[in-house]
1. I want to confirm something. Restricting to the range 52-81 and keeping residues that are acidic (D, E) and either at pLDDT below 90 or not in a loop (DSSP other than H, G, I, E, B) (or both), which single residue is most open to solvent (accessible area, probe 1.4 Å)?
2. Does the range 3-23 contain at least one residue that is outside any loop (DSSP other than H, G, I, E, B), at pLDDT below 95 and open to solvent by less than 70 Å² (accessible area, probe 1.4 Å)?
3. Pull out all pairs, ordered by first then second residue, where Cβ-Cβ is under 9 Å, the residues are six or more apart or on different chains, the first lies in the range 106-132 and is over 16 Å from V95 (Cα atoms) and touching a residue at least 60 places away in the same chain (Cβ under 8 Å), and the second is open to solvent by 70 Å² or more (accessible area, probe 1.4 Å) and assigned to a helix (DSSP H, G or I).
Amino acid sequence: MRKLNTIVVFCGSSLGFHPIYKEAAIALGNYFVKHQIGLVYGGGKIGMMGVLSSTILEQNGEVIGVIPKLLEKEEVIHTDVEEMIVCKTMSERKVLMSKLVDGYITLPGGFGTLDELFEALTLSQLQIEQKPIGLLNVNGFFDAILLQLDKMVAESYLKQANRNMLLVADSVTALMDQMHNYVAPEISPIIHKVVS
């Protein structure tokens with residue numbers, strides 16, 4: 001079983017319309033506290049980010065925020081997070097996060113959330129990292145994206161082995177079971193011949 005000491009969670013700065021999303025963030029936070037998993041996240045106090053981090057902080061769990069300078073505003077930053085890393089750019093934030101964690105989880109969110117998810121998948125595809133990448137598909141939120149990935153496999157733009165790197169479940173426990181049991185696939189690296 002894979003030991004997961006610290007996980008980064010990508011999620012939105014909105015809560016969405018349906019309370020099930022907030023409930024999922026709380027459930028994940030409670031799981032982290034119970035199993036002594038530290039959270040690394042975007043450093044915000046609003047939306048899904050705020051609910052998740054506050055759930056953990058209220059139970060004295062470990063939370064590390066990583067926030068770019070442009071978002072370091074009073075209405076955004078979670079002032080209760082003691083370990084807050086302020087970086088220069090969004091790109092630097094992703095690099096810092098990847099160095100701090102043993103795995104990735106994505107909850108519902110917008111453009112930024114998807115950007116972070118697909119960067120993690122790309123790093124795994126290129127075998128730069130071999131960490132578990134989980135998607136908590138609450139309320140079928142990511143169904144259309146999963147269909148798109150299947151279309152990419154069907155049309156030979158994505159290998160099935162790479163598609164399988166994305167672990168998907170609709171409950172926290174089921175997803176975490178997959179994360180703990182993840183074995184990175186043996187994928188042959190892409191080699192380009194240099195034409196002289």
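The values are calculated or read from the model by the stated rules, or taken from the named source; none is laboratory data. A quick note: this is a predicted structure, and the numbers were derived from the prediction, not measured. So basically every Cβ, Gly included, is an ideal-geometry build from the backbone, and we count neighbours across all protein chains shown. These accessible areas exclude ligands, DNA and RNA; they are computed on the full protein's heavy atoms, side chains included. Shrake-Rupley method; radii C 1.70, N 1.55, O 1.52, S 1.80 Å.
1. Kept after step one, since they are acidic (D, E), are these residues of the range 52-81: 58, 62, 72, 74-75, 80.
The next check asks that each one be either at pLDDT below 90 or not in a loop (DSSP other than H, G, I, E, B) (or both); those that pass are 72, 74-75.
Details: E72: 75, E74: 155, E75: 113 Å².
The residue in question is E74.
2. Looking only at the range 3-23, we keep the residues that are outside any loop (DSSP other than H, G, I, E, B), and these are 6-10, 19-23.
Those still in the list that are at pLDDT below 95 too: none.
So far as the range 3-23 goes, no, none of its residues is outside any loop (DSSP other than H, G, I, E, B), at pLDDT below 95 and open to solvent by less than 70 Å² (accessible area, probe 1.4 Å).
3. Once the first residue is over 16 Å from V95 (Cα atoms) and touching a residue at least 60 places away in the same chain (Cβ under 8 Å) and sits in the range 106-132, its partners that are open to solvent by 70 Å² or more (accessible area, probe 1.4 Å) and assigned to a helix (DSSP H, G or I) give P108/N139.
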